[in-house]
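Q: Provided herewith is a single structure, encoded as structure tokens, for subsequent inquiry.
The values are calculated or read from the model by the stated rules, or taken from the named source; none is laboratory data. Just so you know, these numbers come straight off a predicted model, no measurement behind them. Here the Cβ positions follow ideal geometry from the backbone for every residue, glycine too, while neighbour counts run over all protein chains shown. Note: accessible area is taken over every heavy atom of the protein model, side chains too, but ligands, DNA and RNA are not part of it. Shrake-Rupley method; radii C 1.70, N 1.55, O 1.52, S 1.80 Å.
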Amino acid sequence: FNMGAAYQAMGNHDRGIDCYQSAITIDPNYADAYNNMGNAFKDKGEFLEAIKSYKKAVIIKPDYAESFCNMGVAFQENGDLKPALVSYRQALSLKPNFAEAHNNLGNALKDSGEFESAIASYKRAIDIRPNYAEAYSNLGVSYQSRGDTALAMRYYNCALEKDSDYAEAYNNLANALRIKGDGNGAIANYKKCLKLKPEYS
């Protein structure tokens, strides 16, 4: 299991999966190994295999909130919003103060067009974790999708106050500035984003 985690941290997901499989062969009820194997499949973009692994993890350990949350991400990445919402809500029923699950639920609600509910989820995530830069940025995206660019910019700036190396927040702020007609401000922030994340197409 630990070797699998080490390979996974190096980005070698296939070797990680092999190690988790070996751990499961030794201990078929190793829920953490199934969960981590799901993460490795998810990182490879093999979302259906990831979901299978997470489902095995929660069968073994029905109160495994983190695995339900991870399953929600895999469903969402695969374009299946309804089961993603169910998974996030299951995670939160087990662990109500799970900030990541509130943030991820907000993402699924936003993608479903339920902006008010998404905003409530992001605010809950921030209440639990006040320095949660990703939730601030996502909150900004929801306000921008609703047409409130000024409020969106406020939350993008909050995200950058919490994490000055958050490339996505610079990109989101640049989009808002472009909408407001501030081309120079937009370009400056796109450049900051690309300096941090050169592969950001």
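Q: Look at the range 69-101 and say how many of its residues are open to solvent by less than 40 Å² (accessible area, probe 1.4 Å), under 24 Å from Y136 (Cβ atoms) and in a helix (DSSP H, G or I). Lay out the reasoning, then the answer.
A: The first filter runs over the range 69-101 and keeps only residues open to solvent by less than 40 Å² (accessible area, probe 1.4 Å), leaving 69-76, 84-85, 87-88, 91-92, 98-99, 101.
Of the ones still in play, those that are also under 24 Å from Y136 (Cβ atoms) are 69-70, 72-73, 76, 84-85, 87-88, 91-92, 98-99, 101.
Right, trim to in a helix (DSSP H, G or I) and you get 69-70, 72-73, 76, 84-85, 87-88, 91-92, 99, 101.
Of the residues in that region, 13 qualify.
Q: Does at least one position in the range 102-119 carry a residue that is closer than 16 Å to C69 by Cβ, in contact with a Cys (Cβ under 8 Å, 6 or more places away or on another chain) and not in a loop (DSSP other than H, G, I, E, B)?
A: Checked the range 102-119: at least one residue is closer than 16 Å to C69 by Cβ, in contact with a Cys (Cβ under 8 Å, 6 or more places away or on another chain) and not in a loop (DSSP other than H, G, I, E, B).
Q: Looking only at the range 39-46, decide whether some residue is over 17 Å from S121 (Cβ atoms) and either more than 19 Å from the chain's Cα centre (by Cα) or not in a helix (DSSP H, G or I) (or both). Before you say what the answer is, go through the steps one by one.
A: First, pick out the residues of the range 39-46 that are over 17 Å from S121 (Cβ atoms): 39-46.
Subsequent filtering for residues that are either more than 19 Å from the chain's Cα centre (by Cα) or not in a helix (DSSP H, G or I) (or both) retains 45-46.
Within the range 39-46, one or more residues are over 17 Å from S121 (Cβ atoms) and either more than 19 Å from the chain's Cα centre (by Cα) or not in a helix (DSSP H, G or I) (or both).
Q: Which of the numbered conditions does G106 fail, given that it passes all the others? Conditions: (1) more than 22 Å from R129 (Cβ to Cβ); (2) of a type outside the set (A, V, I, L, M); (3) open to solvent by less than 20 Å² (accessible area, probe 1.4 Å).
A: Failing condition for G106: (1).
Q: I would also like to ask the following. Just one of G113, G140, G183 is of a type outside the set (D, E, K, R) and at positive phi; which is it?
A: Working: G140 fails: at positive phi; G183 fails: at positive phi.
Within the list G113, G140, G183, the selection yields G113.
Q: Go through the residues of the range 174-197 one by one and say whether even a single one is closer than 24 Å to L81 by Cα and open to solvent by less than 40 Å² (accessible area, probe 1.4 Å). Outline the logic, then answer.
A: Taking the range 174-197 and keeping what is closer than 24 Å to L81 by Cα, we get none.
No; the residues of the range 174-197 include none that is closer than 24 Å to L81 by Cα and open to solvent by less than 40 Å² (accessible area, probe 1.4 Å).
Q: Give all pairs with beta carbons closer than 8 Å in which a residue from the range 109-137 that is under 19 Å from S93 (Cα atoms) and open to solvent by less than 80 Å² (accessible area, probe 1.4 Å) meets a residue that is among the acidic types (D, E) and in a helix (DSSP H, G or I); count only pairs at least 6 apart in sequence or on separate chains.
A: So the pair list comes out as A125/E100.
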